Amino acid sequence: MDARLTLEKRIEAEIASYDGFMGVYADDFHGNIIAIGADEKFETASTIKTFILASLFDQIEKGRASLEDMLTYRKQHMVDGSGVLCSLDPGIVLRAKDVATLMIIVSDNIATNMMIDYLGVDIINDYIQKLGCKDTVLHNPIDFEKYDKLGTTTPRDYASVFVRMAKGELVSPWADNKMVAILKKQHYNSMVTADFPPVYIDTDNTDDVLIHVASKSGSMNACRNDGGIIYTPYGPYVLVMLHKNFSDAMYYPAHPATTFGARVSRMLLDQYLALEGRFVL
């Protein structure tokens, strides 16, 4: 039996007392993968919006959609929850680019429904399957009264999107750069960054931000999720953390899923920086 305290074993020890199940997938782009529960299926919550964003850019590359197309916020798109459009009246017309940006950076549910309506559920799911994400599916538009499921994915599937995006191999280098630029503006990445040293990510106190994160999180009663690309001075790595089976369904910053996720994220960051761009020597 291997008695070494590998990074994977240290992560497993960290989450042994967690009241829930955490799936982790991380890739340092040097052949080192951390995979814990990587093929377990989880509710996506708003992480499905990353797949929708990728589907949009795939349709743009094929000439079937445009960032400049005008989309109308209609009554059927109305839903409570995250975002800003729920505070506005239907009838607003926005560019597809703006709808996609709202969908990601403030996780706007109405913008998501507008984008699903624009692309079509079948188009989105066909694209997801073409990516090889066999365990990922968008089940429904967002409607909390009609549906109790939004999407299903695995840590491996979700991470694969970011791995290819970081390499410029998801849709195209142009499209992937556009998506990364949007994901870097995402407001809710506390699980990934909560335990990062503030000096690394705080533009108010440093001339240059040392670490940038392009990510998309998601939360519902059944889950707390986060994942994305972490850009460092030594290069990027990908981290995805998906959660289920916890007992506390309340939403608050110190939720155990967020706390334990932040600890795992910091462990990976420290290892990556200490080894100057790798999880393992």
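Rule-based calculations on the coordinates, nothing more; no lab input. Computed from a predicted structure; not experimentally measured. Cβ placement follows ideal geometry from the backbone for every residue including glycine, while neighbour counts extend to all protein chains displayed.
Please identify, among Asp157, Asp195, Asp248, the residue showing maximal mean-square fluctuation in a Gaussian network model of the chain using a 10 angstrom Cα cutoff. Looking only at Asp157, Asp195, Asp248, the largest GNM fluctuation is found for Asp248. In terms of other Cβ atoms within 10 Å, Arg10, Arg156, Arg266, Arg224 run from fewest to most in the order Arg10, Arg266, Arg156, Arg224. With no solvent and one equal point scatterer placed on each C-alpha of region 156-281, evaluate the Debye formula and give log10 I(q)/I(0) for q = 0.13, 0.14, 0.22 Å⁻¹, two decimals. Computed log10 I(q)/I(0) values: -0.54, -0.63, -1.37. Rounded to the nearest 10 degrees, the angle from helix 256-274 to the longest Cα principal axis of the chain is 60 degrees.
Taken along the Cα-to-beta-carbon direction at a fixed 7 Å, the label points for Thr152 and Met250 span 3.2 nm. Note on Ile201 and Leu275: with the Förster distance fixed at 22 Å, the Cβ-Cβ geometry gives a FRET efficiency of about 0.60. Relative to the longest principal axis of the Cα atoms of the chain, the long axis of helix 121-130 lies at roughly 40 degrees.
Rounded to the nearest Å, what's the spacing between the alpha carbon centres of region 1-59 and region 245-275? Just the number, please. Spelled out, the Cα-based centre of one part sits 12 Å from the other.
Given a Förster distance of 41 angstrom, what is the FRET efficiency for Asp117 paired with Leu5, based on the Cβ-Cβ distance and rounded to 0.05? Here the calculated transfer efficiency is 0.25. Mind telling me which of Ser160, Ser219, Ser82 comes out most flexible in a GNM of the chain, alpha-carbon contacts under 10 Å? In the Gaussian network model the winner is Ser82. Computed on the chain, with alpha-carbon pairs under 8 angstrom and 6+ residues apart, the relative contact order is 25 percent.
How far, in degrees from 0 to 90, does helix 109-119 lean away from the longest principal axis of the Cα atoms of the chain, to the nearest 10? In the chain, helix 109-119 runs at an angle near 70 degrees to the longest axis.
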